[in-house]
Amino acid sequence: MDKYVCDICGYVYDPEAGDPDNGVSPGTAFADLPADWVCPVCGASKDDFSKED
Amino acid sequence: MNAVEIAKGVYSVGVIDWNIRDFHGYSVENGSTYNAFLIVDEKVVLIDTVKKGFEDQLLANIAQVIDPKKIDIMISNHTEMDHSGSLPRIMHAIGEDKPLYCSKMGQKNLSEHFKQPWKYHAVENGETLDIGSRSLTFLETRMLHWPDSMFTYCKEDKILFSSDAFGQHYAGFELFDDVVGHTIMSHAKKYFANILMLYTAKILKVLEQVRESGLEIDMICPDHGIIWRKEPEKIIAAYDKWSRQAGEKKAIVVYDTMWHSTQKMAEAIASGIAAEGVFAKPVHIRSSHRSDIMTEVLDAKAVVVGSPTLNNNIFPTVSDVLTYMKGLKPKNKIGAAFGSYGWSGESVKLIRAELEAMKFDMMASDLRVQYVPDDAGLESCVAFGREIGRAVNKALE
């Protein structure tokens, strides 16, 4: 599964790790994150993320 | 500086740092201030503190208005040490049991900085605190410019305590925009270019939200420099314009040189650009500070970078500027690379790769001249400059 990087602050969403602090279990693909999920570091929305090269 | 009443019951109690010249790699030729604000109402509130080393002045300023022990609530809009460095001392002076209001990220970051068992109150975005005849609303502004950044807004006085946003590094007894005059805009611009340029997408969103919410702002109190009271809308409009990064009819030719060959090229290229009616400025890196270069980059449409080849590489000072520029993520720029070389000449290719990584719209070709540019070499520089000038004109049509 692809990692996604926040264009605002540089945080990398790793699907293998998920975002358990905000209710996202490990193994959740970026595409499957809820639409209202935001970057845990800076609060940017999903459309501020790009696929990591 | 003394405590100054900026609105009824609202005091500026910050300090002036006359002597600072290097602010984490940003040159502050006029020094700076660390602003803090005291609101005396049924509850007494202090917004932000100052850099470590200035605690005594802050406490003395507060004491001109009220006994620091009477402060009921401490608000931290931003964790960075120039605003939080005095927190341990201030919390000790006002009472360690007093609530410390900050954003969620503020609580996390302050805890990691200071490891103190303070009584944190992490606010929700939009949360309001009643302090008597006034209410304070907290507006999260994550990544403007740290994850913890927030604004505190006082509806009754229409004052926005904006943390680092709208700030300027300027030391002076002139406390307000109408006192200091228009020269302050160049400091505000430099601040924006060096601290906020990389967050322009975010800034445009925040400005849009402020417009939509109909927030009335009579006064903006940033954590550095003067207070905007006469024309707060002027600095908001400037932020809007700078954030769009459309670029002006301007090109900056940034270079360093070993034996003046790349310098000759830079000046000839700049003259070619100017011949197309575009404002052009050659900037020798070792005669300028990287933070001043970024101020020029902010509104330039084209950024042309030149370096001699030293030991098969870019000249180190040019790398310094490129690294700094890359981090600040300038947008919508036309890029070009040039340089003089002796035998291998790698620098130009390396600069092109750096500018491409910054997503600059690169000129089709680069320009290299071996050793010293002769008349023909200089003519090729002028022609190269003209091409860049035409590209700028075309992009701004």
(Q) Can you tell me how many residues within the stretch B:35-63 are small (G, A, S) and touching a residue at least 12 places away in the same chain (Cβ under 8 Å)? (A) 2
(Q) Looking only at the stretch B:255-297, how many residues end up being assigned to a helix (DSSP H, G or I), touching a Gly at 6+ places or on another chain (Cβ under 9 Å) and among the aliphatic types (A, V, I, L, M)? (A) 8
Q: With the checklist (1) buried (at least 17 other Cβ atoms within 10 Å of the Cβ); (2) modelled with pLDDT under 95 in hand, flag the one item B:E112 doesn't pass.
A: (1)
Q. If you take the residues of the stretch B:301-328 that are touching a helix residue (DSSP H, G or I) at 6+ places or on another chain (Cβ under 6 Å) and among the small types (G, A, S), which of them is farthest from B:D256 (Cα to Cα)?
A. B:A302
Q: May I ask you to list the residues in the stretch A:10-53 that are closer than 20 Å to B:K108 by Cα and within 14 Å of another protein chain (Cβ to nearest Cβ)?
A: A:G10, A:Y11, A:D21, A:N22, A:V38, A:C39, A:P40, A:V41, A:C42, A:G43, A:A44
**Q.** Search result, residues across the stretch B:62-117 that are among the charged types (D, E, K, R) and within 29 Å of the chain's Cα centre (by Cα)
**A.** B:E80, B:D82, B:R89, B:K104, B:K108, B:E112, B:K115
Q.
Any residue at all in the stretch B:184-197 that's more than 14 Å from every other protein chain (Cβ to nearest Cβ), buried (at least 22 other Cβ atoms within 10 Å of the Cβ) and part of a loop (DSSP other than H, G, I, E, B)?
A. no
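I'd like to know if the stretch B:307-315 contains one or more residues that are part of a strand (DSSP E or B) and touching a residue at least 60 places away in the same chain (Cβ under 8 Å).
The answer is no, given that none of the residues of the stretch B:307-315 is part of a strand (DSSP E or B) and touching a residue at least 60 places away in the same chain (Cβ under 8 Å).
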Q.
Could you check the stretch B:325-357 and list, in sequence order, the residues that are over 24 Å from B:Q245 (Cβ atoms) and surrounded by 13 or more Cβ atoms within 10 Å (Cβ to Cβ)?
A. B:G339, B:S340, B:Y341, B:G342, B:G345, B:E346, B:S347, B:V348, B:K349, B:L350
Q) Looking at the stretch B:358-377, which of the residues that are buried (at least 19 other Cβ atoms within 10 Å of the Cβ) and in contact (Cβ under 8 Å) with a residue 60 or more places away in the chain is nearest to B:V254 (Cα to Cα)? A) B:L367
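If you take just the strands (runs of 3 or more DSSP E) that sit entirely in the stretch B:1-64, which of them hold at least 1 residues that are under 25 Å from B:D218 (Cα atoms) and either modelled with pLDDT under 95 or polar (S, T, N, Q) (or both)? Quick ask: steps written out before the conclusion?
On the way: elements: B:4-7, B:10-12, B:15-17, B:32-34, B:37-40, B:44-47.
Here the list reads B:10-12, B:32-34.
Test B:S86 against the stated conditions and say whether it is assigned by TED's automatic domain parsing to the domain that holds B:T33 and without any contact (Cβ under 8 Å) to a residue 12 or more places away in the chain.
Numbers: assigned by TED's automatic domain parsing to the domain that holds B:T33: yes; without any contact (Cβ under 8 Å) to a residue 12 or more places away in the chain: no.
Judged against the criteria, B:S86 is not a match.
Report, by residue number, each residue of the stretch A:28-53 that is in contact (Cβ under 8 Å) with a residue 24 or more places away in the chain and surrounded by 11 or more Cβ atoms within 10 Å (Cβ to Cβ). Working first, answer last.
Filtering the stretch A:28-53 for residues in contact (Cβ under 8 Å) with a residue 24 or more places away in the chain gives A:29-30, A:39-42, A:44, A:48-52.
Within the stretch A:28-53, A:A29, A:F30, A:C39, A:P40, A:V41, A:C42, A:A44, A:D48, A:F49, A:E52 meet the criteria.
The values are calculated or read from the model by the stated rules, or taken from the named source; none is laboratory data. As the structure is a prediction and not an experimental result, all values here were calculated from the model. Neighbour counts are summed over all protein chains in view; Cβ atoms, including those assigned to glycine, are modelled from backbone coordinates with ideal geometry.
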